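Below is one structure, written out as structure tokens; the observations come after it.
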Amino acid sequence: MKEVYKVIGYLAVELQARNMRMTFSELNERLEKLGIAYGSNRGLARAVSAAYAHWEREDPNSNVHDAIALVFLDQNGEYAYENY
């Protein structure tokens, strides 16, 4: 499993449990602190979309892909997991 998918998935679950949302800019800042930063939010949006697809395929009975879908927002404040 790619490390970034793991981080995105587990972070999404934690944020969902706290009923919180996160923009790509905020996620990029968090990943930068972990040494996994993306240069642009568009690149990060693709990674979030790929993480959603990964978790949906690898562990469809978990709520990880659902958390990814509900937590991460694009620059317009819209759910962005399927837009990239």
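Only the coordinates and a few stated rules stand behind these numbers; no lab work does. Here the structure is a predicted model, which is why all the values come from computation and not from measurement.
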Sequence-separation-based contact order of region 25-77, relative, with Cα cut under 8 Å and 6+ spacing, percent
24
With -39,500 (n - 2.57) per DSSP H segment of 4 or more residues and division by the full residue count of the chain, the 222 nm estimate, nearest 500 deg cm²/dmol, is -19000 deg cm²/dmol
